[in-house]
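Encoded as structure tokens, the structure appears first; notes follow it.
Laboratory data are not the source of any read-out in this text; all were calculated from the coordinates shown. Predicted, not measured: the structure shown is a model, and the values here were computed from it. When we count neighbours, we look across all protein chains shown, and the Cβ atoms used for this are built from the backbone with ideal geometry, even at glycine.
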Amino acid sequence: MGIEYKTDCPIRAVLKVLGGKWPLLVLSKLEESKRFSAIKREIPEISEKMLIETLKQLTENKLVTRKDFKSIPPHVEYKITDKGMKAMEAIPLMREALRS
């Protein structure tokens with residue numbers, strides 16, 4: 001008898017949005033508005049492609065806002081939303097649980 005994995009499992013929902021190597025790390029850098037290049041400088045090991053994909057995913061899930069200043073040269077800034085901040089509140093709790 002195996003374990004039944006439901007598609008509406010809350011853990012799956014969280015992992016779909018925040019799973020992977022980069023989403024939580026990127027979120028942690030966005031407490032203040034930052035341009036793409038500033039985020040990239042703070043996380044030098046992430047490729048540009050992965051940073052673009054991660055920011056797009058976080059924006060689509062309303063964890064990050066993307067503000068386009070409609071200027072030339074292009075000026076876009078990213079910032080964590082209240083929803084993103086709420087998601088980050090779980091990190092210290094998980095870290096503490098793992099220490100026990």
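Give, rounded to the nearest 20 debye, the magnitude of the charge dipole that the stretch 21-99 has about its Cα centre when Lys and Arg contribute +1 at Cβ and Asp and Glu contribute -1 at Cβ.
The calculation lands at about 100 debye.
Normalising by the residue count of the chain, find the relative contact order in percent from Cα pairs under 8 Å and 6+ residues apart.
27
Which residues make up the longest stretch of the chain clear of trypsin sites (Lys or Arg not before Pro) that lie in a DSSP loop with no more than 11 other Cβ atoms within 10 Å, not counting the sites?
Here the longest segment lacking exposed loop sites spans 22-69.
What is the calculated FRET efficiency for Ile11 to Ile72, with r their C-beta to C-beta distance and R₀ = 41 Å, to the nearest 0.05?
Working: r = 44 Å, r/R0 = 1.08.
Step by step, r from the Cβ atoms, then E = 0.40.
Under 10 Å, Cα contacts only: if you run a Gaussian network model on the chain, which one of Leu55, Leu63, Leu15 comes out with the highest mean-square fluctuation?
Leu15
If the elastic network links every pair of Cα atoms under 10 Å, which of Val26, Val14, Val64 fluctuates the most in the Gaussian network model of the chain?
Sorting by GNM fluctuation, first place goes to Val14.
So what is the diffusion coefficient of the chain in µm² per second by Stokes-Einstein at 4 °C and 1.567 mPa s, using a Kirkwood Rh over Cα pairs?
It diffuses with D of about 87 µm²/s by this estimate.
Tell me which residues come under 5 Å, amide H to amide H, from Thr81 once H is placed; ignore anything under 5 positions away on its chain.
HN-HN under 5 Å from Thr81: Val64, Thr65.
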